[in-house]
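First the structure, in the form of structure tokens, and then the observations on it.
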């Protein structure tokens, strides 16, 4: 029997709703215990304190988060994965956070999974990750392609770093996270068991 896994999913004002909610939902379906952490925008009018208790996402949907991000509470010793969604404004907040940058490096150093999707992949650049295969939303390709082995595949796996392109690739991104978190045959079985009840059209290529 697979042991329970856990993940921290970051959120900020301007986060892309689909990339956050689809990833969160899919991981929970796989038995992953998820916690959302709000990353403050230091340039916000209120100083980015998150006093409202929710993040206003890229299309105006408000999502209540579990906690305000404090790196000391979300160490890789306590979680199996760190997920960074996109959305231009939210991704910029996360990529610009030195605490998030350090946490990305710490998770990878300890062999934990780090997922980035859409403009969230800019955090790979700001965290100064080594040159490796990576993808992102086309809008930020120019910022990444000279520093990484840039790919236009829907999902790119490079060791424990998993990147993806945008809202339309969130399902394969999330299912790949499930498979990678559980590993080997258990992960493949988990992916199949989660995917089945979602009832994708028969021609869906993932």
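The values are calculated or read from the model by the stated rules, or taken from the named source; none is laboratory data. No experiment lies behind these values; they were computed from the predicted model shown. Methodologically, a virtual Cβ is constructed for each residue, glycine included, from the backbone with ideal geometry; neighbour enumeration extends over all protein chains shown.
Please specify each residue of segment 101-117 satisfying the condition of being over 10 Å from residue 82 (Cβ atoms), assigned to a helix (DSSP H, G or I) and in contact with a helix residue (DSSP H, G or I) (Cβ under 6 Å, 6 or more places away or on another chain).
If the condition is that a residue be over 10 Å from residue 82 (Cβ atoms), assigned to a helix (DSSP H, G or I) and in contact with a helix residue (DSSP H, G or I) (Cβ under 6 Å, 6 or more places away or on another chain), then 101 is the only one that fits.
What do you reckon, is residue 170 touching a helix residue (DSSP H, G or I) at 6+ places or on another chain (Cβ under 9 Å), at pLDDT 95 or above and within 13 Å of residue 30 (Cα to Cα)?
no
Just give me the residues in segment 14-42 being assigned to a helix (DSSP H, G or I), touching a strand residue (DSSP E or B) at 6+ places or on another chain (Cβ under 7 Å) and crowded, with 22+ Cβ neighbours inside 10 Å, in sequence order.
19, 20, 23, 27
Can you tell me which of 78, 45, 2 is under 23 Å from residue 160 (Cβ atoms), modelled with pLDDT under 95 and assigned to a loop (DSSP other than H, G, I, E, B)?
Result of the check over 78, 45, 2: 2.
With the condition kept exactly as written, say whether any residue in segment 187-195 is in contact with a strand residue (DSSP E or B) (Cβ under 7 Å, 6 or more places away or on another chain), at pLDDT 95 or above and surrounded by fewer than 24 Cβ atoms within 10 Å (Cβ to Cβ).
For segment 187-195, residues in contact with a strand residue (DSSP E or B) (Cβ under 7 Å, 6 or more places away or on another chain), at pLDDT 95 or above and surrounded by fewer than 24 Cβ atoms within 10 Å (Cβ to Cβ): absent.
May I ask you to list the residues in segment 125-179 that are assigned to a strand (DSSP E or B) and buried (at least 21 other Cβ atoms within 10 Å of the Cβ)?
Matches in segment 125-179: 134, 155, 156, 161, 162, 163, 164.
(1) farther than 21 Å from residue 22 by Cα; (2) in contact with a strand residue (DSSP E or B) (Cβ under 8 Å, 6 or more places away or on another chain): which one isn't true of residue 113, the others all being true?
(1)
Failed condition for residue 63, given (1) modelled with pLDDT of 95 or more; (2) assigned to a helix (DSSP H, G or I); (3) surrounded by fewer than 17 Cβ atoms within 10 Å (Cβ to Cβ), with all others met?
(2)
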